């Protein structure tokens with residue numbers, strides 16, 4: 001009888017420990033994985049009910065950007081792998097271009113500012129000029145344009 005009582009108590013103790021571990025794991029998962037699961041749920045919902053097809057990868061990238069921008073710090077930003085590589089190239093100073101900074105305004109790639117004494121200034125490019133194509137290829141983002149314009153020194157490019 002005494003042995004049955006000990007076995008019963010041991011089973012009860014094991015059950016209690018298992019329940020505590022399981023609930024602790026559930027709380028951990030909820031707080032660690034919950035926000036990610038919510039983003040996943042939102043992406044799935046948009047993929048299902050949005051009026052036009054959505055790019056799931058683009059949605060997730062937007063979520064990443066939103067997380068970092070919510071810091072409210074003008075010096076913190078999220079970069080994709082391609083953007084990071086572009087940043088590293090620009091920061092190294094080991095590239096040649098036509099001598100402009102470019103940006104996107106009103107969904108168009110534009111010259112933000114031509115630099116003095118550069119091929120861009122010599123070609124007559126001015127602030128606000130729109131770049132539609134580089135060497136006949138349509139550009140939609142400043143990164144696309146910069147990647148196509150940049151190259152070895154004295155390389156010619158045609159901007160339209």
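The values are calculated or read from the model by the stated rules, or taken from the named source; none is laboratory data. All values reported here derive from a predicted model rather than from experimental measurement. Quick reminder, even Gly has a Cβ in these numbers, built from the backbone with ideal geometry, and neighbours come from all protein chains shown.
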**OP:** Report whether or not residue 82 is exposed (fewer than 12 other Cβ atoms within 10 Å of the Cβ), touching a residue at least 40 places away in the same chain (Cβ under 8 Å) and outside the structural domain of residue 40 (by TED's automatic domain parsing).
**Re:** yes
Original post:
Restricting the range 108-138 to residues that are farther than 22 Å from residue 91 by Cβ and touching a helix residue (DSSP H, G or I) at 6+ places or on another chain (Cβ under 8 Å), which is surrounded by the most Cβ atoms within 10 Å (Cβ to Cβ)?
Top reply: 131
Subject >> Lone qualifier among 32, 65 - being at negative phi, loosely packed, with under 11 Cβ neighbours inside 10 Å and in a helix (DSSP H, G or I) >> reply: 32
**OP:** Considering every residue within the range 45-52, establish whether at least one is within 30 Å of residue 148 (Cβ to Cβ) and either surrounded by 10 or more Cβ atoms within 10 Å (Cβ to Cβ) or touching a strand residue (DSSP E or B) at 6+ places or on another chain (Cβ under 7 Å) (or both).
**Re:** no
Original post:
Does residue 43 satisfy being assigned by TED's automatic domain parsing to the domain that holds residue 64, closer than 18 Å to residue 64 by Cα and modelled with pLDDT of 90 or more?
Top reply: yes
